[in-house]
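Beneath this line is the structure, given in structure tokens, with notes to follow.
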Amino acid sequence: METTAIQVALDHSFQELLHQLTTFDQEQLNIAPFKNSWTAGQLAEHLIKANGGFLEVINGPVQDTPRAPDAKIAEIKGIFLNFETKMQAPAFIIPADIHYEKPYLLS
């Protein structure tokens, strides 16, 4: 996979995330779907925190690597698309247990 294709795929993923978030109304955004789970608002806040600075990393100073740009994609997909594994987020990206406002999250 070419670097440009990876960038297009990442952009598509972020656009899809924004689209999915727009499908929640304000009330739904703050309802946990089941016990001990995050609300959609908390999940969005978690992703905002976890991806903070992402554009700076992608567009920052780079150097050539000896591996193919897509060498780790399958491994990363395997980790993030395994819905059987339950991971604990590090404290600095755990969302607050508050009422989230949709315009804030979309911005």
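Contact map, the stretch 23-34: first residue under 8 Å from residue 102 (Cα atoms), second residue open to solvent by less than 70 Å² (accessible area, probe 1.4 Å), Cβ cut-off under 7 Å, separation 6 or more or different chains; pairs are 26/102; 29/39; 29/40; 29/41; 29/100; 29/102. Just one of the listed residues (74, 91) is small (Gly, Ala, Ser), surrounded by fewer than 10 Cβ atoms within 10 Å (Cβ to Cβ) and either within 28 Å of residue 35 (Cα to Cα) or in contact with a Phe, Trp or Tyr (Cβ under 8 Å, 6 or more places away or on another chain) (or both), and it is 91. Among the conditions (1) surrounded by 12 or more Cβ atoms within 10 Å (Cβ to Cβ); (2) modelled with pLDDT of 90 or more; (3) more than 13 Å from residue 105 (Cα to Cα); (4) not basic (Lys, Arg), residue 30 misses just one, which is (3). Return yes when residue 24 is touching a helix residue (DSSP H, G or I) at 6+ places or on another chain (Cβ under 6 Å) and more than 23 Å from residue 86 (Cα to Cα) and no when it is not. Answer is yes for this residue. In the stretch 35-46 there is no residue that is within 19 Å of residue 3 (Cα to Cα), open to solvent by 100 Å² or more (accessible area, probe 1.4 Å) and free of Cβ contacts under 8 Å to residues at least 12 places away in the same chain. Remark: residue 101 matches the filter, which requires a residue to be more than 16 Å from the chain's Cα centre (by Cα), within 28 Å of residue 25 (Cα to Cα) and open to solvent by 60 Å² or more (accessible area, probe 1.4 Å).
Return the residue satisfying two criteria in turn: it lies in the stretch 53-67 and is on the phi < 0 side of the Ramachandran plot, of a type outside the set (Phe, Trp, Tyr) and open to solvent by less than 100 Å² (accessible area, probe 1.4 Å), and of such residues it is farthest from the chain's Cα centre (by Cα).
In this case the residue turns out to be 65.
The values are calculated or read from the model by the stated rules, or taken from the named source; none is laboratory data. Computed from a prediction, not measured in an experiment: that's the story for all the values here. In this analysis, Cβ positions are derived from the backbone assuming ideal geometry, glycine residues included, and neighbour counts consider all displayed protein chains. We work out accessible area using only protein heavy atoms, side chains counted, and drop any ligands, DNA or RNA first. Shrake-Rupley method; radii C 1.70, N 1.55, O 1.52, S 1.80 Å.
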